[in-house]
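K.L.:
One structure coming up, written as structure tokens, with questions to follow.
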Amino acid sequence: MDEKKLLQVLAEQKEEITTRRDSWVPRSEEALFEMDSSLAQVVIGVRRSGKSTICHKVLQDHGINYAYANLDDDRLMSLSVEDLNTLLLCLYQLYGTDIQYILLDEIQNVDGWHLFVNRLLRQGLHVFVTGSNAKLLSSELVTHLTGRYNEIRLYPLSFAEYCAFHQVNLQDVTTKAEAARKSAFLEYLQYGGFPELQNINNKRAYIQSLFNSIILKDIAGRFKIRHAEVLRTIANHIINNSCQEVNYKSLAENFGLNSTTTAIKYVDYLKQAFLIGLLSKHSFKSKVRLRNSKAYVIDTGFIANRENALSQENLGWRLENMVYIELLRRAAKEFDDVYYYKPSSQSKEVDFVVCRQDKAKELVQVAYEIDSTKAFNRETSALVQASDVLKCNELTLVCFDESRDEIVKGKTIHIKNALEWSLGSEKV
Ligand SMILES: Nc1ncnc2c1ncn2[C@@H]1O[C@H](COP(=O)(O)OP(=O)(O)OP(=O)(O)O)[C@@H](O)[C@H]1O
């Protein structure tokens with residue numbers, strides 16, 4: 001690519017970052033960056049989740065001068081790995097040769113990017129990269145940057161961050177403040193946490209266009225999928241049936257795919273683009289874990305508005321999906337794993353098992369309501385049974401009711417109000 005043209009694009013990108021900082025909401029993942037480390041800081045996550053912003057924010061908060069290139073820019077689409085030398089030359093011209101930090105946005109767009117990043121690391125530079133496709137990033141990271149990167153997973157805003165964004169008062173105990181928190185929580189369940197969406201009136205249109213660009217541009221375009229429409233229909237189906245086990249055979253049959261293998265491949269594409277997450281079944285056998293998984297969508301905003309989005313049934317599974325994302329967020333910070341528990345016998349399912357080094361450390365059940373004795377007994381006995389089998393006594397039941405502890409068959413169950421639970425340490 002022509003050096004002059006490249007310089008011009010990078011100069012315009014530089015202009016953008018100096019005028020862009022307005023009111024960025026702090027993200028909890030900021031704590032995961034290793035600012036002085038010699039490892040590449042790799043931020044991955046779904047499109048528009050704020051990957052680029054969090055990098056700018058941590059670098060600027062630390063008072064660091066850094067060079068920046070956004071490789072997702074249409075004008076840089078023809079860039080190849082050979083052009084990256086010219087890119088570096090241009091960055092030095094624009095930012096000065098004493099620059100120590102470089103931020104490269106959506107690096108996966110350039111094939112062979114790892115060669116360049118490796119070279120920068122060898123030269124002692126601090127490199128920050130972002131990407132929205134795990135497949136393109138991870139295989140390169142694992143093969144070529146072995147051990148020389150710190151991976152930071154970013155999700156759309158958590159409820160605590162959402163409240164910070166909308167300045168929802170978490171301290172006040174007045175009825176008005178409580179009502180404001182409750183309606184914020186319902187909005188959050190309905191529209192999710194994409195940061196950009198928060199100030200947009202036509203939220204459905206934003207979500208639809210984001211969904212389309214992930215499917216058509218990031219997946220179908222990049223992986224040369226001929227039947228993009230089928231992929232889109234499958235994605236919609238999975239999203240609107242989230243919290244359920246994926247049945248690849250019936251996906252293949254129902255959507256006219258020629259084999260179960262193609263269904264597995266398509267679902268994997270959705271996962272690699274972070275549109276969905278797959279939760280494995282808890283088992284000590286890795287085969288069982290791999291073969292059985294439930295699908296969740298990465299942001300509840302993607303779930304289509306049914307006739308009555310705030311009905312009990314619809315809220316129930318939006319809530320379960322939200323808990324899943326929040327558990328992933330927390331697990332990433334603690335290096336934990338999350339599974340679902342479904343014994344083959346008569347015993348009941350538990351929605352989430354949080355494990356540390358294969359040992360269950362918390363069981364989490366989600367239920368919209370536990371008002372009736374039947375519902376209460378159903379949810380608590382599932383926890384108690386699993387607690388015995390998995391030898392785990394940290395039992396949590398997330399629901400819309402008030403928080404309290406209950407003792408069932410000698411075991412303490414922490415019943416947590418969903419709103420409070422989702423705020424985590426930012427307690428009301
Ligand atoms: N912490 C934040 N506070 C306020 N707004 C934010 C924050 N993070 C992101 N945004 C807004 O959300 C939008 C998307 O952010 P950003 O470009 O950082 O996401 P991204 O994940 O890098 O996107 P892409 O995958 O498309 O490159 C931007 O308009 C940005 O201003």
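K.L.:
Do you know which residues across region 189-205 are in contact (Cβ under 8 Å) with a residue 24 or more places away in the chain and away from the ligand (no atom under 15 Å from the Cβ)? Before you say what the answer is, go through the steps one by one.
P.N.:
Here is the first cut: in region 189-205, the residues in contact (Cβ under 8 Å) with a residue 24 or more places away in the chain are 189-198, 203-204.
If the condition is that a residue be in contact (Cβ under 8 Å) with a residue 24 or more places away in the chain and away from the ligand (no atom under 15 Å from the Cβ), then L189, Q190, R204 are the ones that fit.
K.L.:
Restricting to region 103-123, what's the tally of residues that are more than 16 Å from the ligand (Cβ to nearest atom) and modelled with pLDDT of 95 or more?
P.N.:
Qualifying residue count for the region: 0.
K.L.:
How about region 193-256: which helices (runs of 4 or more DSSP H) wholly inside it have at least 3 residues that are under 19 Å from the mean Cα position of the chain (by Cα) and crowded, with 17+ Cβ neighbours inside 10 Å? Step through it out loud before you land on a result.
P.N.:
Numbers: elements: 203-212, 228-240, 248-254.
Hits in region 193-256: 203-212, 228-240.
K.L.:
With in contact (Cβ under 8 Å) with a residue 24 or more places away in the chain and near the ligand (Cβ under 8 Å from one of its atoms) as the only criterion, which of S28, S52, S23, S80 stands out?
P.N.:
Working: S28 fails: near the ligand (Cβ under 8 Å from one of its atoms); S23 fails: in contact (Cβ under 8 Å) with a residue 24 or more places away in the chain; S80 fails: near the ligand (Cβ under 8 Å from one of its atoms).
None of the others qualify; the one that does is S52.
K.L.:
Keeping to region 4-47, report how many residues are out of contact with any helix residue (DSSP H, G or I) (no Cβ under 6 Å at 6 or more places or on another chain) and part of a loop (DSSP other than H, G, I, E, B).
P.N.:
Matching residues across region 4-47 total 11.
K.L.:
Something else now. Name the residue that is surrounded by the most Cβ atoms within 10 Å (Cβ to Cβ), counting only residues in region 108-133 that are in contact with a strand residue (DSSP E or B) (Cβ under 6 Å, 6 or more places away or on another chain) and farther than 15 Å from L39 by Cα.
P.N.:
Among residues in region 108-133 that are in contact with a strand residue (DSSP E or B) (Cβ under 6 Å, 6 or more places away or on another chain) and farther than 15 Å from L39 by Cα, the one surrounded by the most Cβ atoms within 10 Å (Cβ to Cβ) is G131.
K.L.:
Continuing with this model, one more query. Residues that are outside the structural domain of L279 (by TED's automatic domain parsing) and under 23 Å from the mean Cα position of the chain (by Cα): list the strands (runs of 3 or more DSSP E) wholly contained in region 338-428 that include at least 3 such residues.
P.N.:
350-356, 359-366, 395-399
The values are calculated or read from the model by the stated rules, or taken from the named source; none is laboratory data. Everything quoted here is computed from the prediction, not taken from an experiment. Using ideal geometry, Cβ is built from the backbone for each residue, glycine included, and neighbour counts are taken over all protein chains shown.
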